Amino acid sequence: MNRSHILIVDDDAALLQALPQALQLRMRQVRVDTAESAQVALERIAKVDYDAIVSDIKMPGMDGLALLAHIRELRPETPTLLITGHGEDNLAIQALRGGAYDFIQKPIEREYFVASLQRAVQARQLRRQVEAQQRTLAAHAAALEATVAARTRELQDVLAAKEEFMSIAAHELKTPLTSIKALAQITRKRLVHADRPEGELVARMEGAIGRMELLVSDLLDGARIEAGKLSLRQEPTDLVALCRQVIDEQGTDTQRTIDLCAPEATLWTQVDPDRLSQVLINLITNAAKYSPPNAPITVGVDHDEATVRLWVRDRGIGIPLAAQPHIFERFYRAPEAEVQTGSRLGVGLGLYITRELVERHGGTITFTSDPGQGSTFTVTLPRLPAPASVNEGSGHQGRHEDEDGVN
Ligand code: ADP
């Protein structure tokens, strides 16, 4: 136990002298203050945080019970022992009810008195230690919180800088790429016109430029999404017509047969036709990329009361189980999934953008995939009753190249 500081309050001068002496003899390192009245005691208590207080109950002026009530207000943590006269059980009960730590009956039995006081002091000192530890812990927690907040801010700044860099880089790449594409086209035409075999080389160059354009376009879309600047131009759109158009173009590009399974002649939904075409192109491109050149790809549309569904099925390599929870994450590519057909181009943005586009339309995208058997991606969108005045084939192709200016 640390050095303890005790206050004894009694109007009996003899006791006020005897008790401290008894304590000095029995308790090590004790410091005892005395007060001859409750009033004097209160002045002391206001200044000193005692380890324990001992007070007689019967005193002229303010008695021990009233003093106890004041102590409970001023120093609720300080244990207080009250001294009662012999047989004054009622007072003793009142003392305990009033929050006294213990009561000591006269004539005071020294051993009991000292033992009870020691327990009181110990309880008070333990409580102080706990409070100190709690303060230290709270300070640690506050320091930790401040560190986490500072690190989070730093991280957010770095992420913002990264997004800005990506957006600027993609924009800066786009313009020279458009010039190179135009020049390559002119060069190829001239070479073909002059019957020169190098025309074939330039055609391959154009293919590479096309893929780079798609990549830049994905990077720009990724930046637009992150910046919350991806805009949609939604209009009533016939899903069946849109699928036919995309399948025709993609079938030519990927040189495969893509089947369309559409039980209805038309199916209307409210979408941005360019963006929904982009969704379908991404899904067909993946189906082609991750399946052998001769494996079939099927696109299907169907509906129920409130929704239309668009699905793309391939008989390709499927998605490894471990990769399945992650394929919609930005820049995620399944580590061991080899591209089966076409170029290896892809940075893991395709499905991220696809899901974002679908969700922006109020839809959902899900998939099922059996490794080695193939995958089916299904997009569900709100259905629209066939509008009377809308022409079929109002959808158009091509992305909104210059819709915003993300940087
Ligand atoms: P990318 O194709 O550019 O790598 P995506 O975001 O389009 O990026 O796809 C993420 C990953 O999901 C791909 O790396 C691939 O492993 C897997 N994946 C997507 N579609 C298919 C599919 N139809 N069949 C098998 N794996 C697929």
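The values are calculated or read from the model by the stated rules, or taken from the named source; none is laboratory data. Computed from a predicted model, the values in this text were never measured in an experiment. Cβ atoms come from the backbone with ideal geometry, glycine included; neighbour counts cover every protein chain shown. These area figures cover heavy atoms from the full protein model, side chains too; ligands, DNA and RNA do not enter into them. Shrake-Rupley method; radii C 1.70, N 1.55, O 1.52, S 1.80 Å.
Among the residues making up region 20-41, those that are of a type outside the set (S, T, N, Q) and more than 24 Å from residue 128 (Cβ to Cβ) are 22, 25, 36, 38, 40.
Does residue 191 satisfy the condition of being in contact (Cβ under 8 Å) with a residue 40 or more places away in the chain, outside the structural domain of residue 309 (by TED's automatic domain parsing) and hydrophobic (A, V, I, L, M, F, W, C)? Spelling it out, it is not the case that residue 191 is in contact (Cβ under 8 Å) with a residue 40 or more places away in the chain, outside the structural domain of residue 309 (by TED's automatic domain parsing) and hydrophobic (A, V, I, L, M, F, W, C). Quick one: would you say residue 206 is open to solvent by 50 Å² or more (accessible area, probe 1.4 Å) and touching a residue at least 24 places away in the same chain (Cβ under 8 Å)? No; evaluated as a whole, the condition is false for this residue. For region 251-269, a residue qualifies if it is open to solvent by less than 40 Å² (accessible area, probe 1.4 Å) and over 13 Å from residue 312 (Cα atoms), and the qualifying residues are 251, 256, 267, 268, 269.
Note on region 158-203: among residues that are touching a Gly at 6+ places or on another chain (Cβ under 9 Å) and of a type in the set (A, V, I, L, M, F, W, C), the one that is most open to solvent (accessible area, probe 1.4 Å) is 192. Of the residues 217, 231, the single one that is among the hydroxyl-bearing types (Ser, Thr, Tyr), within 20 Å of residue 273 (Cα to Cα) and not in a helix (DSSP H, G or I) is 231.
Counting the residues of region 16-70 that are charged (D, E, K, R) and in a helix (DSSP H, G or I) gives 4. The number of residues in region 260-283 that are within 25 Å of residue 327 (Cα to Cα) and either among the charged types (D, E, K, R) or assigned to a loop (DSSP other than H, G, I, E, B) (or both) comes to 3. Checking region 375-398 against the condition returns no match, with no residue being modelled with pLDDT of 50 or more, assigned by TED's automatic domain parsing to the domain that holds residue 284 and on the phi > 0 side of the Ramachandran plot. For beta carbons closer than 6 Å, sequence separation of 6+ or different chains, a first residue in region 275-292 that is more than 10 Å from residue 317 (Cα to Cα) and assigned by TED's automatic domain parsing to the domain that holds residue 252 and a second that is assigned to a helix (DSSP H, G or I) and within 11 Å of the ligand (Cβ to nearest atom), the qualifying pairs are 279/354; 282/350; 282/354. Considering region 270-315, the residues that are charged (D, E, K, R) and within 13 Å of the ligand (Cβ to nearest atom) include one that is nearest to residue 240 (Cα to Cα), namely 313.
Just so you know, in region 213-241 the residues that are open to solvent by less than 40 Å² (accessible area, probe 1.4 Å) and among the small types (Gly, Ala, Ser) include one that is modelled with the highest pLDDT, and it is 241. The set of residues in region 297-324 being open to solvent by 50 Å² or more (accessible area, probe 1.4 Å), closer than 25 Å to residue 381 by Cα and not charged (D, E, K, R) consists of 303, 306. Restricting 159, 144, 96 to residues that are more than 30 Å from residue 205 (Cα to Cα) and either touching a Phe, Trp or Tyr at 6+ places or on another chain (Cβ under 8 Å) or outside any helix (DSSP H, G or I) (or both) narrows the list to 96. Annotation: residue 50 fulfils all but one of (1) of a type outside the set (A, V, I, L, M, F, W, C); (2) on the phi > 0 side of the Ramachandran plot; (3) surrounded by 13 or more Cβ atoms within 10 Å (Cβ to Cβ); the unmet one is (2). Here the condition is being in contact with a helix residue (DSSP H, G or I) (Cβ under 7 Å, 6 or more places away or on another chain), at pLDDT 90 or above and part of a helix (DSSP H, G or I); of 206, 200, it holds for 206 alone.
Filtered by the rule that a residue be under 30 Å from residue 237 (Cα atoms), open to solvent by 20 Å² or more (accessible area, probe 1.4 Å) and more than 7 Å from the ligand (Cβ to nearest atom), region 336-364 gives 355, 356, 359, 360, 362, 364. Taking residue 333 as the residue in question, decide whether it is at pLDDT below 95 and near the ligand (Cβ under 8 Å from one of its atoms). When the stated conditions are applied, residue 333 passes them.
For residue 134, the conditions (1) outside any helix (DSSP H, G or I); (2) out of contact with any Leu (no Cβ under 6 Å at 6 or more places or on another chain); (3) farther than 18 Å from residue 3 by Cβ all hold with the exception of (1).
Taken over region 278-293, the residue count meeting the criterion of being polar (S, T, N, Q) and open to solvent by less than 30 Å² (accessible area, probe 1.4 Å) is 3.
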